[in-house]
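**Q** Handing you this structure, nothing more for now.
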Amino acid sequence: MTSGGDAQGMNAAVRAVVRMAMAQGVTVYGVEGGYSGLVFDRLRLLKWADVGGVLQKGGTFLGTTRCQEFRTKEGRFQAAVNMLKAGVDTLVVIGGDGSLTGAHILKTEWNDHVQAAIGMATKNKDQVLLRAATTKNVLTVVGMVGSIDNDFTGAEMTIGADTALTRIVDSVDCLASTADSHRRDFIVEVMGRNCGWLALMGACATGADWLFIPEFPVPDDWKQQLCGTLTGSYKVGRTYNIVILAEGARDRSGKPVTSTMVKDALAEAGLDSRITILGHVQRGGSPRAFDRIMSTMLGAKAVEVAIDPENRNKSLVVVLTENNTIEALSLTECVRRTQNVAKLIEDHKYDEAVKERGAVFEELWQFYMRTHLPTAPKQTVSRGRIGIMHAGAVSPGMNTAVRALTRSLLERGYEPMAINSGLDGLVCGERLTPLTWTDVANWSYLGGALLSTRRGVAFEQGSQSVTRAAILECIANTVASAKLKGMVVVGGWDGYLAMLQLNKRRHKFPALAKLPIILVPASISNNLPGTDFSVGSDTALNAIVSSVDKIKQSAMATRRCFVVEVMGSCGYLARFGGIATGAEKCYLDENPIDLVSLNQDLYEVSRGFESYRKMAVVLRSERSNKVFSTKFLAELYADYSQGAYDVRTAQLGHLQQGGSPSPMDRILAIRLCQYVVDFFDKVQSQFETGVLVCCGVREGKVVFTPAEKMETSMTRHRRPIDQWWMHWGTIAEVLERSSPRPDGDDDQSSTSSDAAEQAPTSACCSKANASSAARKGPIANLTGSRLKRSVSALTILAKGDH
């Protein structure tokens, strides 16, 4: 059941619950219209095919409405009766704290409702209700939080929050161009009555010039401070300003601060401004990759929790915690803490409210307050020069990282120096330029790498005329002449290798021996050691999801299967791209392809077309297998289809590296760079000792990994030994099936008349032939050219090194 305000990603959660539960042999009912569906008996049996094609849809296909009747005990009794008649003893609710509270109230009253139902059934001689009431006398409640405000205490992220934030960031990015053209300011009002998460993250990600949120009320003289800041921005050459205001903003006395009040204040200072209220556009549209993936994981966990006998008769909520793990927590305790935050804000206890929001919230607020001003704070003494460079392949979010580093270093009294052209610039030593506060003012939303970068490791072989020692000597001369006291490398695998090689030989050069070097992971492949996520991987993942969504529309119209090739030195993009798009099959380098599994895949996809499927998508990581190339797989699927469906290929290529960085990548870059600057502060007294570390995120915490540990965790396949996301493959394999049974037997979803009406049965194979195929397997049906091609494939494999 979905209830309360809709949130992008609810459909993904419902899909995961339905399919994971059916795979366990559990019957699933969908409740249409939220609690009103329980009260007025709108429960319908959900089948495997019913949740096909809902991943990319916004809102909730089950619907959600307000229900005054459920607020009464009589209404909840009627809901209990309808649930008993359907045989429901577990309720999975996706909604906000109010919806989850309603489910808990129903559970606490369940025994009373059951006894009343037994009495009513006995009086009316209703044997069905009587039998259900005597066997279903316990109710288990499992909740998932659907809220774009991300205001649920205990959850690091809630369903819909990332997509809503993306709507805000995209809107502000678009407003920036028209604001620049007309030399005016824009006041952007976003949702958040009691929570400023959307406004704060949006301000950090877009580089907004002023921010109003409930957790940090403005002082009484806020109008003078606001106008002074925005006027000062124009004096240093800025052409526009962006003000972001949460709908629940207030001053220290508790009085609301509205967008109209802000506009009037700017008008009194002679500043032209416009108001943009984003409203429900933040709640609509297709969910982003993160919301699809997280919702899927939450749904899978909800089923695991629901069928566990130890959780019988409990009220639990499944959340993504700050440790980047999916856990089941006490629903009542989390709801109590969530509602307490709103009370703390009403009571003006803002410090306590901020602590409940979590460490990341407070960290980013501090970053924003230090870096949003139009000019850098005045420093009397320089604490040293810090070089900033890129290395390795370009990754979205690199410019955001440089902006965060530049402003944070300047605020702390350092002098940031841009090392242009990556490793080449470090070797040549002629491409170092100072970075100023205003230089990076508009870099937050820019894709690419404005400092330039190149792939390749300068120390691997060099050229025929330049030795490795000569390259190192050039780098040492560059560091010495620029008087660098530290260096930050924002880059990927090649940058890591280069710095590790430099680290091994730095003791031979005094200028390098004492130089602290920090690596900030930036790679779309998310294949770097020392971190769970790298800057750019979320943007690339969303590029894949957006492209595959369009490909699916084309495929559905023409009854096609697409084999889509994605980038990646590891299978991260393919695996999570497959989960986010609902791909039928995914081929990764980490899971080698064999003929047995490939034959099963061919059969599964074909069987899907013969039942309810109108299209199929197969994702292949570019490094998955040299023999089973994208073209070869497409030919294999086409040959096996016997004309039942067409097969096409799509190579997404470098569009995965381009585009404006996603809000998540921007926030990650900002957060890591804050810790980098803090690290320099801590080792200020230890600059005489050289160190090489990677700054990354592990289990939700920012950590520094030393060079020795990084090197031992890297493999020749350009990926770390330990990849945290690999264990999600089991869930993905279940969701990819065309039916609940792995052996290929159809369940009610594909044999019922409803499923038959959704899509016609393929003309190439009768039901008898399909049944025979299920018994004998796909190998038994190879004849003629198909048999010859399979023999040819076996011959190729026998000669290869697979």
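The values are calculated or read from the model by the stated rules, or taken from the named source; none is laboratory data. Remember, predicted model here, so these are calculated numbers, not experimental data. Every residue, glycine as well, gets a Cβ built from its backbone with ideal geometry; the counts of neighbours run over all protein chains shown. Calculation scope for accessible area: heavy atoms of the full protein, side chains included, ligands and nucleic acids excluded. Shrake-Rupley method; radii C 1.70, N 1.55, O 1.52, S 1.80 Å.
**Q** Out of everything in segment 250-274 that is assigned to a loop (DSSP other than H, G, I, E, B) and in contact with a Cys (Cβ under 8 Å, 6 or more places away or on another chain), what residue ends up being farthest from Asp347 (Cα to Cα)? Can you show your working first?
**A** Residues of segment 250-274 that are assigned to a loop (DSSP other than H, G, I, E, B), as a first pass: 252-255, 257-258, 269-272.
This time we only want the ones that are in contact with a Cys (Cβ under 8 Å, 6 or more places away or on another chain), so: 269, 271.
On the way: Ala269: 33, Leu271: 35 Å.
It comes out as Leu271.
**Q** Here is a further query. Check segment 166-182 and report whether any residue there is under 28 Å from Ala300 (Cβ atoms), outside any loop (DSSP other than H, G, I, E, B), in contact (Cβ under 8 Å) with a residue 60 or more places away in the chain and open to solvent by 20 Å² or more (accessible area, probe 1.4 Å). Walk me through it before giving the result.
**A** Step one: filter segment 166-182 for residues under 28 Å from Ala300 (Cβ atoms), giving 166-167.
If we keep only those that are outside any loop (DSSP other than H, G, I, E, B) as well, we get 166-167.
Filter once more, so that each one left must be in contact (Cβ under 8 Å) with a residue 60 or more places away in the chain: 166-167.
Next cut, open to solvent by 20 Å² or more (accessible area, probe 1.4 Å) only: 167.
There is at least one residue in segment 166-182 that is under 28 Å from Ala300 (Cβ atoms), outside any loop (DSSP other than H, G, I, E, B), in contact (Cβ under 8 Å) with a residue 60 or more places away in the chain and open to solvent by 20 Å² or more (accessible area, probe 1.4 Å).
**Q** Among the residues that make up segment 27-48, is at least one of them among the small types (Gly, Ala, Ser), closer than 19 Å to Thr158 by Cα and within 35 Å of the chain's Cα centre (by Cα)?
**A** Taking segment 27-48 and keeping what is among the small types (Gly, Ala, Ser), we get 30, 33-34, 36-37.
Going one step further and asking which of them are closer than 19 Å to Thr158 by Cα, we end up with 34.
Among the residues that remain, those that are also within 35 Å of the chain's Cα centre (by Cα) are: 34.
Among the residues of segment 27-48, at least one is among the small types (Gly, Ala, Ser), closer than 19 Å to Thr158 by Cα and within 35 Å of the chain's Cα centre (by Cα), which makes the answer yes.
**Q** So, of the residues in segment 372-391 that are among the hydrophobic types (A, V, I, L, M, F, W, C) and more than 25 Å from Asn420 (Cα to Cα), which turns out to be least open to solvent (accessible area, probe 1.4 Å)?
**A** We begin by selecting, within segment 372-391, every residue among the hydrophobic types (A, V, I, L, M, F, W, C); these are 373, 376, 381, 386, 388-389, 391.
Adding the requirement that they be more than 25 Å from Asn420 (Cα to Cα) leaves 373, 381.
Numbers: Leu373: 67, Val381: 103 Å².
Top of the filtered list is Leu373.
**Q** Which members of segment 403-425 meet the condition of being open to solvent by 30 Å² or more (accessible area, probe 1.4 Å), more than 15 Å from Val489 (Cβ to Cβ) and either over 32 Å from the mean Cα position of the chain (by Cα) or basic (Lys, Arg) (or both)?
**A** Matches in segment 403-425: Arg412, Glu415.
**Q** Name the one entry in Glu565, Glu604 that is in contact (Cβ under 8 Å) with a residue 40 or more places away in the chain, surrounded by fewer than 24 Cβ atoms within 10 Å (Cβ to Cβ) and either β-branched (Val, Ile, Thr) or not in a strand (DSSP E or B) (or both).
**A** Result of the check over Glu565, Glu604: Glu604.
**Q** Cβ contacts < 7 Å: first residue within 19 Å of Gly34 (Cβ to Cβ), restricted to segment 100-119; second residue surrounded by fewer than 20 Cβ atoms within 10 Å (Cβ to Cβ) and of a type in the set (S, T, N, Q), any location; separation 6+ or different chain. Result?
**A** Taking only residues 6 or more apart or on different chains, the pairs are His104/Thr332.
**Q** Could you run through segment 1-30 and say how many residues are of a type outside the set (Phe, Trp, Tyr), more than 26 Å from Met191 (Cβ to Cβ) and in a strand (DSSP E or B)?
**A** So the count comes out to 1.
**Q** Hey, can you tell me all the residues within segment 384-407 that are in a strand (DSSP E or B) and charged (D, E, K, R)? Step through it out loud before you land on a result.
**A** Here is the first cut: in segment 384-407, the ones in a strand (DSSP E or B) are 385-391.
Passing the criteria: only Arg385.
**Q** Next question, about the same structure. Within segment 525-537, does at least one residue satisfy the condition of being touching a residue at least 12 places away in the same chain (Cβ under 8 Å), open to solvent by 30 Å² or more (accessible area, probe 1.4 Å) and either closer than 26 Å to Gln674 by Cα or not hydrophobic (A, V, I, L, M, F, W, C) (or both)?
**A** Checked against the condition, which is being touching a residue at least 12 places away in the same chain (Cβ under 8 Å), open to solvent by 30 Å² or more (accessible area, probe 1.4 Å) and either closer than 26 Å to Gln674 by Cα or not hydrophobic (A, V, I, L, M, F, W, C) (or both), segment 525-537 yields at least one hit.
**Q** For segment 290-306, check the following and say yes or no: at least one residue is among the basic types (Lys, Arg) and either in contact with a Ser or Thr (Cβ under 9 Å, 6 or more places away or on another chain) or outside any helix (DSSP H, G or I) (or both). Let's see the steps before the verdict.
**A** Going through segment 290-306, the residues among the basic types (Lys, Arg) turn out to be 292, 301.
So of that shortlist, the ones also either in contact with a Ser or Thr (Cβ under 9 Å, 6 or more places away or on another chain) or outside any helix (DSSP H, G or I) (or both) come out as 292.
Yes: segment 290-306 contains one or more residues that are among the basic types (Lys, Arg) and either in contact with a Ser or Thr (Cβ under 9 Å, 6 or more places away or on another chain) or outside any helix (DSSP H, G or I) (or both).
**Q** Considering only residues that are of a type in the set (Ser, Thr, Tyr) and assigned to a loop (DSSP other than H, G, I, E, B), which ones fall in segment 31-69?
**A** Initially, segment 31-69 is screened for residues of a type in the set (Ser, Thr, Tyr), giving 35-36, 60, 64-65.
The answer is Thr60, Thr64, Thr65.
**Q** If we scan segment 222-233, do we find a residue that is surrounded by 15 or more Cβ atoms within 10 Å (Cβ to Cβ), touching a Gly at 6+ places or on another chain (Cβ under 8 Å) and over 21 Å from Asn399 (Cβ atoms)?
**A** no
**Q** Working only within segment 23-47, note down all residues that are open to solvent by less than 20 Å² (accessible area, probe 1.4 Å) and over 13 Å from Thr90 (Cβ atoms).
**A** Gly30, Gly33, Gly34, Tyr35, Ser36, Gly37, Leu38, Val39, Leu46
**Q** Moving on. Take segment 720-742 and flag every residue that is farther than 27 Å from Arg613 by Cβ and either outside any helix (DSSP H, G or I) or of a type in the set (A, V, I, L, M) (or both).
**A** Once the filter is applied, which keeps residues that are farther than 27 Å from Arg613 by Cβ and either outside any helix (DSSP H, G or I) or of a type in the set (A, V, I, L, M) (or both), segment 720-742 yields Pro720, Ile721, Asp722, Gln723, Met726.
**Q** Let me spell it out: the conditions are (1) at pLDDT 95 or above; (2) in a helix (DSSP H, G or I), and Arg506 meets all of them except one. Which number is the exception?
**A** Every listed condition holds for Arg506 apart from (1).
**Q** Then there's this: Report, by residue number, each residue of segment 275-290 that is touching a Gly at 6+ places or on another chain (Cβ under 8 Å) and either closer than 29 Å to Tyr350 by Cβ or open to solvent by 70 Å² or more (accessible area, probe 1.4 Å) (or both).
**A** Arg283, the sole residue that qualifies.
**Q** Only residues that are in contact with a Pro (Cβ under 8 Å, 6 or more places away or on another chain) and not in a loop (DSSP other than H, G, I, E, B): list them for segment 138-165, please.
**A** Let us first name the residues in segment 138-165 that are in contact with a Pro (Cβ under 8 Å, 6 or more places away or on another chain), namely 160, 162-163, 165.
Matches in segment 138-165: Asp162, Thr163, Leu165.
**Q** Applying the selection to segment 259-269, what residues are open to solvent by 60 Å² or more (accessible area, probe 1.4 Å), within 35 Å of the chain's Cα centre (by Cα) and touching a residue at least 40 places away in the same chain (Cβ under 8 Å)?
**A** Residue satisfying the conditions is Lys263 alone.
**Q** Does Ala155 satisfy the condition of being farther than 30 Å from Glu352 by Cβ, in contact with a Leu (Cβ under 8 Å, 6 or more places away or on another chain) and among the small types (Gly, Ala, Ser)?
**A** Working: farther than 30 Å from Glu352 by Cβ: no; in contact with a Leu (Cβ under 8 Å, 6 or more places away or on another chain): yes; among the small types (Gly, Ala, Ser): yes.
Against the criterion (farther than 30 Å from Glu352 by Cβ, in contact with a Leu (Cβ under 8 Å, 6 or more places away or on another chain) and among the small types (Gly, Ala, Ser)), Ala155 does not qualify.
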